[in-house]
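The values are calculated or read from the model by the stated rules, or taken from the named source; none is laboratory data. Owing to the predicted nature of the structure, the values given are computational and were not obtained by experimental measurement. FYI the Cβ positions are ideal-geometry reconstructions off the backbone, even for glycines, and counts take in every protein chain you see. Please note that ligands, DNA and RNA were not included when accessible areas were found on the heavy atoms of the full protein model with its side chains. Shrake-Rupley method; radii C 1.70, N 1.55, O 1.52, S 1.80 Å.
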Amino acid sequence: MHMADALLSPAVGGTMWAATAGTIAWCSARVRKELDERKVPLMGVLGAFVFAAQMINFTIPATGSSGHIGGGLLLAILLGPCAAFLTIASVLFIQALFFADGGLLALGCNIFNLGIFPAFIAYPLLYRRLAGRAPSQARLVAAAVVAAIVGLQLGAFAVVLETVASGISALPFPAFVLLMQPIHLAIGLIEGLATAAVVAFVYRARPELVASTLQQRPLGNLPVRGMLAGFALAAALLGGVVSWFASEHPDGLEWSIAQVTGSGELPETGHGVHAALAALQAKLAVLPDYAFRTGAPADGTDAAGSSRAGTSVAGLVGGLATLACCLGLGLLLRRRPRKG
């Protein structure tokens, strides 16, 4: 659901930027007061893990479409809503600036859609209530699946509303929503199962980590080095190797657009805010579309090898950049002892 700038008017994009900036400021204030300092490293490695996981598009059978996890719910389960929102915002910021994944005008929408709904609606209203304060593994799995589906459905519906409200694309509400919701229902089911699998793994290895977030209490002396190493290794493998095998089918949003318009991408306006932001993004993106700028060798001798190398470099560089961004943010916001 990484929206492109071509879907949005400057008014809608700017409004969503303001709403997202306000939420980031509020979350930052809450995190400064409440964040357990021992969760700062978790913000970093989980951010890198989600960045890498979002590179893995999986095929939706019988549709010609694909999807990837959003990761917002997983972050909320392991970090809490406010820290999760800041972490997913960092992931999407790195993706948009350095990999041209999602537009700069659309960045506010993308953070809102992939952050607000899972962290502040699906997690507290569904996941926590279904899991309970002393959950079993079965309840955790069921809660994760239900919350992931609902969170993604809300995000997909928000994409439709933001696009239609902008009024600059030929995407009528009835046709667009009737395609977006079912395809993201399938994607949400797979994300729910993937989230449940990760949560179940963490619950078996360190049940106190899941319980501490549910019960809103600090980690205390719980050892987390093994968990940090595990997620860091998983991020490196996902971004550096597994990303080679990601589905090449269009994602759910691109597929829905193509079903309505006959093309997976909408033409840019070519002037004003859109043109300026597109030019800026082109300059900032060091690995656009998770590939080398130069593309494959001119003689075509090793196109597949060059493509895989570019993907691996993008996965590792992006993971490290997200790790640094999240760690820096967490350290900046950590509580400092009062003087005197």
Can you work out the accessible area per residue across the chain, with the rest of the protein chains kept in place, probe 1.4 Å, in square angstrom? 43 Å²
Name the residue farthest towards the positive end of the dipole of region 1-145 from the options Val31, Gly72, Ile88, assuming +1 on Cβ of Lys and Arg, -1 on Cβ of Asp and Glu, about the Cα centre. Val31
Residue-normalised 222 nm signal for the chain, counting each DSSP H run of n ≥ 4 as -39,500 (n - 2.57), nearest 500 deg cm²/dmol, is -21000 deg cm²/dmol
Fraction of alpha-carbon pairs in the chain farther than 38 Å apart, rounded to whole percent, equals 13 percent
From the phi of every residue in region 142-155, what ³J(HN,Hα) in whole Hz does the Karplus formula 6.51 cos²θ - 1.76 cosθ + 1.60 yield, where θ is phi - 60° and glycine or proline is x? 4, 5, 5, 5, 5, 5, 5, 4, 5, x, 6, 4, 5, x
